[in-house]
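Taking it in order: structure first as structure tokens, then the write-up.
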Amino acid sequence: MSKKAKKKHKNHQDTSVNAQKRRPSCSIISLGCPKNLTDSELMIGRMVEAGFQFRENASRVDVLILNTCGFLSDARDEAREILEALLLEKTNGFIKTVIVTGCAVQHEREKLVDEFPDVDYWLGVFDEFRVSEIVRRLIEKTSDVDDGRHVFLSSEQKTCFDNSLRHRLTLPHVAYLKIADGCSRHCAYCLIPQIRGPFVSRPKEQIIDEAKRLADNDVRELILIAQETNFWGMDSYGRPMLAELLDDLQAIDGFDWLRLMYTYPTHFSDELIEQFAPGGKLLPYIDLPLQHCNDDLLRKMNRKTTKSETETLLGKLRERIPNLVLRTSLITGFPGETDAMFDELLKFVQTWQFERAGVFQYSREEGTVAATLPDQIDESVKAERYRRLYELTETQTLDWASRQVGQQFDVLIDRPEQDETERLVPGVFVGRTFADAPTIDPVVIVTSQITGQIAPGQIVPCEIVMTNGVDLLAVPV
């Protein structure tokens, strides 16, 4: 190469390096549920498309987005603690711009804006799709469209389902697929309808197109989410259409597992149950939050179902879906819950033997109907009832785990195992069976003596050899 050509090549390299250095960086901290996580993935995808470089590490970036959860006061308190730490990082020069969005912003916008004046931008949940546009306005100093305090909240609620630019933050082989947003249930204890608006089904064509893109990107497990998945289609077609949607999703080549989360105890049709037929992609795993079983409390909660109707459904599910694993969510200490009502709940859980359960103490949330009800339960009573119910559900999970010893399951490998110092443990991997949703359920520890036999993203037939608490220990077969 001539001296002139070498100089030109060097100048080109310098230009490329400088351009890379000038490329602004972004990161995100996503709090709360998987539904919030998909919103975070949408925002980061749009930031990357706009020219930002995404970094997993949230320190030392140009733009840091905090996507908050606002469902409970504890979640909003957590968001405040994290935000205080981020603003300290900003003061110290490690973060240039802090953007806060999510349900907590939508719910407590005025309070939060006054409390944290150093936040650069606040986005309501219906403006998150505008994040790259708004950040560009900040960088270019053309933020004249906001209210002077850099607060963006839509005047009318409109849900954006365009996930074509989505940048996934989950494991490469696992993806959440949001099929709807909002909620029209108005349960007495819940703020979601006020925050997210009414239930809106995502168009079927968008769902199928995204599922195909995810399958083409080596996703092995697709997890359907919404505030209420089995209500999908009611607003668009006049009746729930999840069974028909699942039929189309199961026909897509590429992914192996289809998991259904956040179902409601009504609208569980026979056609939907038939989708769980053995041999299909839909796993025999149902997340069915019930909250309680006492009819008086169900009425006060505005759950629009009864204990008898729930038990009829549970019996049908157990009878018609082989090897079914049921996950539920339960609330203790709701206003007016008597000792007899709580004992009824304990007996109900003992009868139906839920393999997985989340137990929560009732949280009195300002703005909900339940917050105005009489007979609020003392905190110490709520805590004691929580302890007893949690111990019962944990025992059921332990019992189910012990019954799996000697059984064979397909295990989806998620990652290599690490020790306390985050060093890889040779030949040991962490995975999940059909009975385990990511992050909320137990795991399977798989030990292989053959180097290179197992890798994340593989589905490996394994035999369960023992338990470690609620977790299973397995070897490949």
All but one of (1) in a strand (DSSP E or B); (2) touching a residue at least 40 places away in the same chain (Cβ under 8 Å); (3) at positive phi hold for G406; state the number of the condition that does not hold.
(1)
Matching option when the condition is among the β-branched types (V, I, T), in the same structural domain as T312 (by TED's automatic domain parsing), surrounded by fewer than 17 Cβ atoms within 10 Å (Cβ to Cβ) and modelled with pLDDT of 95 or more, among T393, T372, T368:
T372
Could you pull out the residue among G70, G102, G93 that is surrounded by fewer than 20 Cβ atoms within 10 Å (Cβ to Cβ) and either outside the structural domain of F360 (by TED's automatic domain parsing) or closer than 23 Å to L42 by Cβ (or both)?
G93
Residue selected from region 204-252 under the condition surrounded by fewer than 22 Cβ atoms within 10 Å (Cβ to Cβ) and among the hydroxyl-bearing types (S, T, Y), by the criterion farthest from the chain's Cα centre (by Cα):
Y237
Filtering region 165-176 down to residues that are in contact (Cβ under 8 Å) with a residue 60 or more places away in the chain, aliphatic (A, V, I, L, M) and buried (at least 21 other Cβ atoms within 10 Å of the Cβ) yields V174
Within region 344-377, can you find the residues that are more than 22 Å from A401 (Cβ to Cβ), over 28 Å from the mean Cα position of the chain (by Cα) and assigned to a helix (DSSP H, G or I)?
E344, K347, T372
Can you pull out the residues in region 251-268 that are aromatic (F, W, Y) and farther than 19 Å from N230 by Cβ?
F255
The lone condition E84 fails out of (1) closer than 17 Å to I95 by Cα; (2) of a type outside the set (K, R); (3) at pLDDT 95 or above; (4) in contact with a Ser or Thr (Cβ under 7 Å, 6 or more places away or on another chain) is (4)
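The values are calculated or read from the model by the stated rules, or taken from the named source; none is laboratory data. The shown structure was predicted, so the numbers you read here are calculated from the model rather than taken from an experiment. Quick reminder, even Gly has a Cβ in these numbers, built from the backbone with ideal geometry, and neighbours come from all protein chains shown.
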